[in-house]
Every structure is written in C-alpha cells, then in structure tokens.
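**Student:** If you scroll down you'll find the structure; I have some questions about it.
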Amino acid sequence: MINRLLKDFSWSAVAAGFVVVLVGFTSSAAIVFQAAITAGATPEQISSWIGALGFGMGITCIGLSLRYRIPVVTAWATPGAALLITGLEGVTMNQAIGVFIFSGALVTLCGVTRIFEKSMKRIPLSIASAMLAGILVRFGMDVFAAMQQQFALVSLMFVTYLLGRRLMPRYAIILVLVLGSLFAWSKGLLVFGMADVAVTKPVLMMPEFSIKVLLSVGIPLFIVSMASQNVPGVAVMRSCGYAPPVSSLMTWTGLATMLLAPFGCFSVCLAAITAAICAGEESHENPAKRYMSSVFAGIFYLLAGVFGATVVALIAAFPKTLIMAIAGLALFGTIASGMVVAMADVKQREPALITFLVTASGMTLFGIGAAFWGVVIGAVAMVVLNWDYKKNKHQTM
C-alpha cells in the first residue's frame, strides 16, 4: 500500500488538499464559533468543537478515500451551523449534544437502509452537473469581484493561472498560491499574529435527549445537512465521473458524527464546493490518482483539529481576496466540465439550465438551500418538458 501511495503522490494533490482546508475554514469557521457560543459553550468547549470536527473530517477524508480510491471530501454542514445559531437558543449544551447524536443516527439510518442512494440514482446526470455548476459559479465570479478590491494581487494570480494552465497545467494552482501569498506578504496583506501553539484538549459533554428539542432542532439539522450537503456532495462526485458508494458514505459519516458528537462534532457530511477542488483535473490529470488530494485534505484537517485555535488564527492571516481568488481559479475547470455535461443532451438542456439558474440564485426556502431546490425544480421541468403523453397513454390502455 505504501508503494501505491508513493506512486500516486503529487504536489498538485498536496496543494489541492491545502486549498480545501484553507477555503473550508476561512469561509465558515466563524459560523461554527457562533453556534457554539449560542449553546453556551466555554472557550475550552469551543476548542473541543473545532478539534472534534477536524478529527472527524480528517479521519473520514483519509479512510474513505483510501478505501474506495476516489476523492471523498467531507466537511461540516455550514447551513446546519447557521441553523444552530438560532435553533440552540435556550437549549443547554447537553441537549445540543443529544441533537448532534440524533441527527447523526438519522444519517446512519439513511445509509443502512439505502433509501438515500436509491433516490440519488434517479437524478439525471445533466441535472446533477447543472447543480454542480450552479453551486460553483459564484466562486468563479468572486475572482473578478475580488479584483475590484485588490487589483494588483488578483490580477497577478489570474495571469499566473493562465500561464500555468498553458505551460504547466498540473502546477497552475500551486504557482497561483505561492506567488499570490508572496505578493500579499510583500504588500503587508499577509499578517501572522502572535498565536500561541496549543494542542486542542477534548472536552467530553454528556448528551441529554429532549423530545421537544430533537423535533424542533434535530430533525431540521438532519434535513438541512442531507439537502444542502449530501445531495450536492454526491452530485459533485458523479459529475466528475466517479460512482461513489453512497450508502457506505452515509453510514460512515453518520457514525463519525455520532461517535464524536459528545466532544462537539455537530455534523460530518459530504463536501460539495471543496470536493470539486479535489475531484477536478487541477488536483491531478489522472482521475484514478485524485483520491490523494482528499487524503492530504484529511491530513490538513487532522492538523487543524489537533491545533484548532492556532490553525484558525494562521488561516485568518490570509487576506479574504486571496482566498476568494484561489478558490475560484481552482474551480474554473470543474465549472466548465459541469456546464458541458449539463448542456450535452438537447432534450435535457432546458431543465438543466433551470437547475443551474435556481442553484446559482442562492435562494433559500423553508431553511433549505438552493442546491436542493435546483434539483427539485429541474427534475419537475425535466418531467414536464419530456413527458410523452401519447406514449404513456398507449401503455396504460
């Protein structure tokens, strides 16, 4: 196995794994902190939350990617964390832990019964690809939005990307990250504070199960996690040419959530946006070797979990515009591939377009994000526009 890993190693995979953690933490760590504070967490408990989440994501990224040899990237459910900010008001920490275990148990049940996998198989690839493109297009546009804020920095990164894609495609993102970081440092934009190096200490918090809290917070957390994370997560892997073992992934991520919930892990789900970074050609030109990028993402997640507060402080040193640019540039290829697959079939083109537009709109209904509604509305459009009334009438006669 060691020889296989050494053979499949690439620096582009290391870079992709680092970008995954960089984007993941900088985009939503503050939301997780706020959710923990709402539950009345102490500084030690907040640190334990970050440690448990980092450990859960790290172990599942590494273990599942090595087991199935595909880029499996996990993440916390950012929409779920946002829900907890309001949902945990007036809820004790022990009751919150009970909610996390309950939500993880429901995800595990979806895996064991294979209900979720059967439903995902009914989603056409064109719809899944359109949803993927809709999720990621905002990050592509953010590159040029960031250019308005830091023209010199982002322009340098963009030109580096173009030249890298032309001359050294595998190392384009590495060059962008290195040159962008050096330029930001030279201009005083990359400022590392005096963060103390401290190891995260896990804090065991016993669960308390309240029927009222489980129904009012636990079930919404489960629904949001499945609809906003696991549905697009599976779609990303399918759109990139992989056939993920959906039920096994649900079972393992659900179990990881349940086991680590007493230490503050509120969810371990499939990633969508960051998964596209590892599953895209920027991580490796050979799809069979891209699993290494998610392995390295897992390693960086473990480091983030072990040195929680320190890592968060170091990542916060990167300017927001650099993060926006590196995320968008790393996803250009995946956005293009998603659009190509989505628009390939003329009969499915308009439903795919509707899926793309709904997902890209960022709409939220009943607390569930645009990715889920993009699939639902796109699927309805697919049925309406392609339903052969005469054929079905003949078959029923």
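**Student:** Please verify whether G233 is open to solvent by less than 10 Å² (accessible area, probe 1.4 Å) and within 22 Å of G98 (Cα to Cα), treating the condition exactly as stated.
**Tutor:** Numbers: open to solvent by less than 10 Å² (accessible area, probe 1.4 Å): yes; within 22 Å of G98 (Cα to Cα): no.
For G233, the condition - open to solvent by less than 10 Å² (accessible area, probe 1.4 Å) and within 22 Å of G98 (Cα to Cα) - is not met.
Yes or no, residue by residue, for (1) open to solvent by 10 Å² or more (accessible area, probe 1.4 Å); (2) at positive phi; (3) not in a helix (DSSP H, G or I):
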site	(1), (2), (3)
W185	yes, no, no
V199	yes, no, yes
V217	no, no, no
E285	yes, no, yes
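**Student:** Which condition number does A276 fail, the rest of (1) modelled with pLDDT under 90; (2) surrounded by fewer than 21 Cβ atoms within 10 Å (Cβ to Cβ) being met?
**Tutor:** (2)
**Student:** Something else now. Looking at F222, F300, F307, F266, which is the one that is surrounded by fewer than 23 Cβ atoms within 10 Å (Cβ to Cβ) and more than 27 Å from L167 (Cα to Cα)? Spell out the reasoning first.
**Tutor:** Details: F222 fails: surrounded by fewer than 23 Cβ atoms within 10 Å (Cβ to Cβ); F300 fails: surrounded by fewer than 23 Cβ atoms within 10 Å (Cβ to Cβ); F266 fails: surrounded by fewer than 23 Cβ atoms within 10 Å (Cβ to Cβ).
Sole residue among the options that is surrounded by fewer than 23 Cβ atoms within 10 Å (Cβ to Cβ) and more than 27 Å from L167 (Cα to Cα): F307.
**Student:** Here is a further query. Every residue in the stretch 153-175 that is open to solvent by less than 60 Å² (accessible area, probe 1.4 Å), in contact (Cβ under 8 Å) with a residue 60 or more places away in the chain and hydroxyl-bearing (S, T, Y), please.
**Tutor:** Across the stretch 153-175, the qualifying residue is only Y161.
**Student:** Just need a number here: residues in the stretch 226-270 that are of a type in the set (S, T, Y) and under 14 Å from A128 (Cβ atoms). Working first, answer last.
**Tutor:** Keep residues of the stretch 226-270 that are of a type in the set (S, T, Y), which gives 228, 239, 242, 247-248, 251, 253, 257, 267.
Add one more test, that the residue is under 14 Å from A128 (Cβ atoms), and what stays is 239, 242.
Selection size over the stretch 226-270: 2.
**Student:** Quickly run through the stretch 160-187 and pick out the residues that are within 23 Å of the chain's Cα centre (by Cα) and of a type in the set (A, V, I, L, M, F, W, C).
**Tutor:** A172, I173, I174, V176, L177
**Student:** List the residue pairs whose Cβ atoms are under 6 Å apart, where the first residue sits in the stretch 340-354 and is aliphatic (A, V, I, L, M), the second is modelled with pLDDT of 85 or more and open to solvent by 70 Å² or more (accessible area, probe 1.4 Å), and the two are 6 or more positions apart or on different chains.
**Tutor:** Correct list of pairs: M343/R349.
**Student:** Filter the stretch 113-128 for residues that are within 15 Å of A227 (Cβ to Cβ) and of a type outside the set (V, I, T); which is modelled with the highest pLDDT?
**Tutor:** F116
**Student:** Go through (1) surrounded by fewer than 20 Cβ atoms within 10 Å (Cβ to Cβ); (2) part of a helix (DSSP H, G or I) and name the single condition W252 misses.
**Tutor:** All conditions pass for W252, except number (1).
**Student:** On to the next question. Scanning for something at pLDDT 90 or above, farther than 17 Å from A342 by Cα, outside any loop (DSSP other than H, G, I, E, B) and not hydroxyl-bearing (S, T, Y), does the stretch 229-248 turn up at least one residue?
**Tutor:** Checked the stretch 229-248: at least one residue is at pLDDT 90 or above, farther than 17 Å from A342 by Cα, outside any loop (DSSP other than H, G, I, E, B) and not hydroxyl-bearing (S, T, Y).
The values are calculated or read from the model by the stated rules, or taken from the named source; none is laboratory data. This one's a predicted model, so the numbers in the text were calculated from it and none came from an experiment. A quick note on method: Cβ atoms are made from the backbone with ideal geometry, for glycine too, and the neighbour counts reach across all protein chains shown. For accessibility, only protein heavy atoms count, side chains too; no ligands or nucleic acids. Shrake-Rupley method; radii C 1.70, N 1.55, O 1.52, S 1.80 Å.
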